[in-house]
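A short worksheet on the structure shown next.
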Amino acid sequence: MHDRELLRLENVTKIFPGVVAVDGVDFDMNRGEVHALVGENGAGKSTLIKILGGIYQPDSGRIIFEDQDVVFYSTHQSQESGISVIYQEFNLIPDLSVAENIFIGREPKRILNRFINWKKINSDAQVVLDRLDVQIDPSEFISELPVAERQMVEIAKALSIESKLIIMDEPTATLTEKEVRKLFEIIDGLRNEGVSIIYISHRLEEAFELSDRITVLRDGKKIGTRISANTTEGEIIEMMVGKVVKSYFSGERRASEERDVIMEVKNYSIADHVDDVSFKLYKGEILGFAGILGSGVHHLLKSLYGAIPRKSGEIFFEGKPVRIDTVRDSIRLGFGYVTEDRKNTGILPDMSVLHNVTIIIIKMLTFFRGLFIKDAREKESFERIRGRLNIRFTEPGQKIIYLSGGNQQKVVIGRTLITDCRVLILQEPTRGIDVGAKAEIHRIMRELANQGISIIMTSSELPELVNLPDRCIVLYKGHIAAEFTKDTMDEEKLVAAQIGQKVGDISGESL
Amino acid sequence: MIKFLKLYEKIGIFIFFVLGSIFLSIASPNFLRGDTILNIVAQGTYGAVVGFGMTLAITSGGFDLSVDAVMALTSVFISILIPLIGIPFAILISLIVASFVGMVNGLIITKLRVSPLITTLAMMTIIRGVALIVAGGKQIVIQQKLFMEVGTGKTLGVPNPIYIMIVLFAVFYFLLYHTAFGRHVSAVGSNESAAKISGLKVDLIKIFVFVIVSFTAGVAGTIRTSQTLIGIPTMSPGFVLVAITVTILGGTSLAGGRGNLWGTLFAGVFISMIYYGLNLIGVQIFYQMLSVGIVLLFALFIDGVRSRYLETMRAKGIKV
């Protein structure tokens, strides 16, 4: 057994001023093992892998890699030893080619060892890419690749180093279901070649599917390691959050047809993305939209909010035909929208929590059309929203970037609620949020629905789409492929419909 | 360290200001006299006034390089218009012309989607050219001595430009921190996409901001013209550097979203103190440009250090 061991951490501790990021963690890895590392945000996962990647050095404890005591002082040193880390934020250089990125710092040279051997770098890159079985041209610029392919280039880079240990931090966050499958195959292949993999993910079902063992961190401490086959999601979640989460998806789901129609969309088309989609939205329901990249779901939701123009189609709101050409039109009607990219299109990072929530209605909180903000009324509106969403912060003047992802998301949702919105469109409501906060967002969504707000949502996390909405419509290549009610909803059928399998083959309601 | 940097962002310029005052009061026995101080403050008004506008522009995520050309254009218009329509209307029309330049800037930036840097760089030479053409390439002497009151006169013993500065400060302070417009400006500078998704009229807000910056340049141009009684098409080359220095030194983040008007006010006067200090040690006037450049570099350096440090701390998971 011992000769199979590749890496062992003993009592590793890393302290930053004011916080013990990693607290006496023991951890071991065998050769050819896939080991999932899970924990909520701030549990210490990132710090731990940065110690292995040579970005941080531990304050105490031992790292034993291939039976040698080691400390990595640079990324280079850690790579030399055979460890490569694929961080969540890509470390690729957009203006260099795929091949150059793969071999950066290790380019094959010629002529006095000074000039890059272009022929060789491209062919070497091709070899690595072939091993991954991906269709990427090595001479293409990174900036021209979609996110998923960049992920593959990162993996190719790790492979080309002949790594013994590859650490993947949330590799599937940006991938579609199909690409995730591909990645899993690759990981399986690597495992068979004897490469060890530390796999970090928020998606527990992935951890279970892939890993041999799962280690849970919480507050910088190791809570425990379990053999994946011998544990349950419930147990792992309990270890992660430190308490029993009663139900991941709380709240009673109701049949939508018992309610009034609030909005009806007829023959809706968006150039190149959505073709002739019609559906009804009921009052107080949660309507899910499912679809892989290219299905048009993202564009449809954005367009309903007025952020991208439609080609044709009609919208009836409370029975009356309405025009939604701009964001302002839809806000006036009582629409709210939460983007899938909280960091880049959601929060106002330089502004306070208070100002982030009130920005949409600030003009209404003034004397004389925009002059003199009424501070008291602003506070009052804010407090109402805060109570409804249970946003946690130190003071309303605190900058939003210092909140956790979950609380930031609540602020962004709060911004829409403050307009008394009646239709709430949520793209990826829980992306990048830890498990505890996820359950809370789900609870909030259900509560809002119970208060009569109609919610349209989409998510790349299947369990969320299967378990949360009252109904779910699946788009495939811009068309409605299937519709499921809460009774007919089923993970496998949903996946099948998303990848375009014939409606007749699955027992969803055909349209 | 974190506390220090956060504090610095708020009151850093104030510390320099106090240190500078202490230094000057030791170095020069004349410094602590009322008229010397008033004179220094009065000389700081240009920087501060255009700095207010620039603070708004940088808060909105923009930038305006054309301010010194607008000052020159205003100067030329005033000197031509005063004999024709009298002083009050000449000032009014000239300020409208200045604001109009800002509107053109804003329209090009928002409707043609050219970057503020390129747009205002081009407008800087265009407007300078227009000023030269309108003036026929020469300086224009103003005969009405009364106009001099604007820039050199005193009310209750205090130079008039100081009143202008204080009034504009109050207006800008109110605008930035107590109106919906000010909140919108911060939002646009903080995250334009998020502002758009929230239904803000981003283009209109930006156009307004550029109108306002040009207006402040017009005011500064008016004051300066009145002090010399000459319309100068080549007025204040490179003054834009002072305006930007004042803004950054005052603690407004170059990244947008956060404006610090108090800082701009004190930085404006601080620059004037540097000039006074240089004069004191007998350095020639043209070294002033050099000193402003050095101060700007320093301010940018501190701005960079601060954001990098806070970024690192955040990456390490430390609450800042």
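The values are calculated or read from the model by the stated rules, or taken from the named source; none is laboratory data. Here the structure is a predicted model, which means the values were calculated and not measured. A quick note on method: Cβ atoms are made from the backbone with ideal geometry, for glycine too, and the neighbour counts reach across all protein chains shown.
Tabulated values for the structure
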item: Subset of segment B:176-216 [surrounded by fewer than 20 Cβ atoms within 10 Å (Cβ to Cβ) and not in a helix (DSSP H, G or I)]; result: B:Lys201
item: Candidate set: segment A:70-106, residues that are part of a loop (DSSP other than H, G, I, E, B) and among the charged types (D, E, K, R); chosen: the one modelled with the highest pLDDT; result: A:Asp95
item: Residue check for A:Val327: of a type in the set (A, V, I, L, M, F, W, C), within 20 Å of A:Leu424 (Cα to Cα) and either more than 8 Å from chain B (Cβ to nearest Cβ) or free of Cβ contacts under 8 Å to residues at least 40 places away in the same chain (or both); result: yes
item: Any hit, segment A:430-445, residues being within 14 Å of chain B (Cβ to nearest Cβ) and either surrounded by fewer than 19 Cβ atoms within 10 Å (Cβ to Cβ) or within 30 Å of B:Gly257 (Cα to Cα) (or both); result: yes
item: Failed condition for B:Gly189, given (1) closer than 19 Å to B:Gly268 by Cβ; (2) within 11 Å of chain A (Cβ to nearest Cβ); result: (1)
item: Among residues of segment A:283-311, those that are outside any helix (DSSP H, G or I), surrounded by fewer than 21 Cβ atoms within 10 Å (Cβ to Cβ) and not small (Gly, Ala, Ser), counted; result: 6
item: Tabulated pairs, segment A:353-377, first more than 9 Å from chain B (Cβ to nearest Cβ), second of a type in the set (Phe, Trp, Tyr), C-beta under 7 angstrom, 6+ apart or interchain; result: A:Val353/A:Phe393; A:Leu354/A:Phe382; A:Val357/A:Phe382; A:Lys374/A:Phe367
item: Residue within segment B:246-258 that is of a type in the set (Gly, Ala, Ser), surrounded by 24 or more Cβ atoms within 10 Å (Cβ to Cβ) and over 14 Å from B:Leu176 (Cα atoms) present; result: yes
item: Residue that is nearest to A:Phe184 (Cα to Cα), among those in segment A:31-69 that are more than 29 Å from the chain's Cα centre (by Cα), in contact (Cβ under 8 Å) with a residue 24 or more places away in the chain and not in a loop (DSSP other than H, G, I, E, B); result: A:Phe65
item: Within segment A:454-472, tally of residues that are at pLDDT 85 or above, out of contact with any His (no Cβ under 9 Å at 6 or more places or on another chain) and not aliphatic (A, V, I, L, M); result: 6
item: Selection from segment A:299-324 of residues that are within 14 Å of another protein chain (Cβ to nearest Cβ) and of a type in the set (D, E, K, R); result: A:Lys302
item: Residue list for segment A:347-399, restricted to those being on the phi > 0 side of the Ramachandran plot and either charged (D, E, K, R) or buried (at least 20 other Cβ atoms within 10 Å of the Cβ) (or both); result: A:Arg369
item: Of all residues making up segment B:54-89, the number that are free of Cβ contacts under 8 Å to residues at least 24 places away in the same chain and either aliphatic (A, V, I, L, M) or outside any helix (DSSP H, G or I) (or both); result: 4
item: Hits in segment A:59-85 - residues which are touching a strand residue (DSSP E or B) at 6+ places or on another chain (Cβ under 7 Å) and buried (at least 21 other Cβ atoms within 10 Å of the Cβ); result: A:Phe65, A:Ile83, A:Ser84, A:Val85
item: Which listed residue, of B:Ile11, B:Ile80, is touching a strand residue (DSSP E or B) at 6+ places or on another chain (Cβ under 7 Å), on the phi < 0 side of the Ramachandran plot and surrounded by fewer than 21 Cβ atoms within 10 Å (Cβ to Cβ); result: B:Ile80
item: Among the candidates A:Asp260, A:Asp276, residue that is out of contact with any Cys (no Cβ under 6 Å at 6 or more places or on another chain), assigned by TED's automatic domain parsing to the domain that holds A:Ile441, touching a residue at least 12 places away in the same chain (Cβ under 8 Å) and more than 17 Å from A:Ile480 (Cα to Cα); result: A:Asp260
item: Residue match in segment B:156-172 (condition: farther than 22 Å from B:Met103 by Cα, within 14 Å of another protein chain (Cβ to nearest Cβ) and either among the basic types (Lys, Arg) or out of contact with any Ser or Thr (no Cβ under 7 Å at 6 or more places or on another chain) (or both)); result: yes
item: B:Gly137, sole failed condition from (1) more than 19 Å from the chain's Cα centre (by Cα); (2) assigned to a helix (DSSP H, G or I); (3) of a type in the set (Gly, Ala, Ser); result: (2)
item: Criterion violated by A:Tyr337 - all others in (1) buried (at least 20 other Cβ atoms within 10 Å of the Cβ); (2) free of Cβ contacts under 8 Å to residues at least 40 places away in the same chain; (3) within 14 Å of another protein chain (Cβ to nearest Cβ) satisfied; result: (2)
item: Some residue of segment B:302-312 being surrounded by fewer than 20 Cβ atoms within 10 Å (Cβ to Cβ), under 26 Å from B:Ile15 (Cβ atoms) and at pLDDT 85 or above; result: no
item: Residues that are more than 12 Å from B:Ile232 (Cα to Cα) and not aliphatic (A, V, I, L, M), drawn from segment B:107-140; result: B:Thr110, B:Lys111, B:Arg113, B:Ser115, B:Pro116, B:Thr119, B:Thr120, B:Thr125, B:Gly129
item: Residue that is modelled with the lowest pLDDT, among those in segment B:77-92 that are over 19 Å from B:Gly136 (Cβ atoms) and hydrophobic (A, V, I, L, M, F, W, C); result: B:Ile87
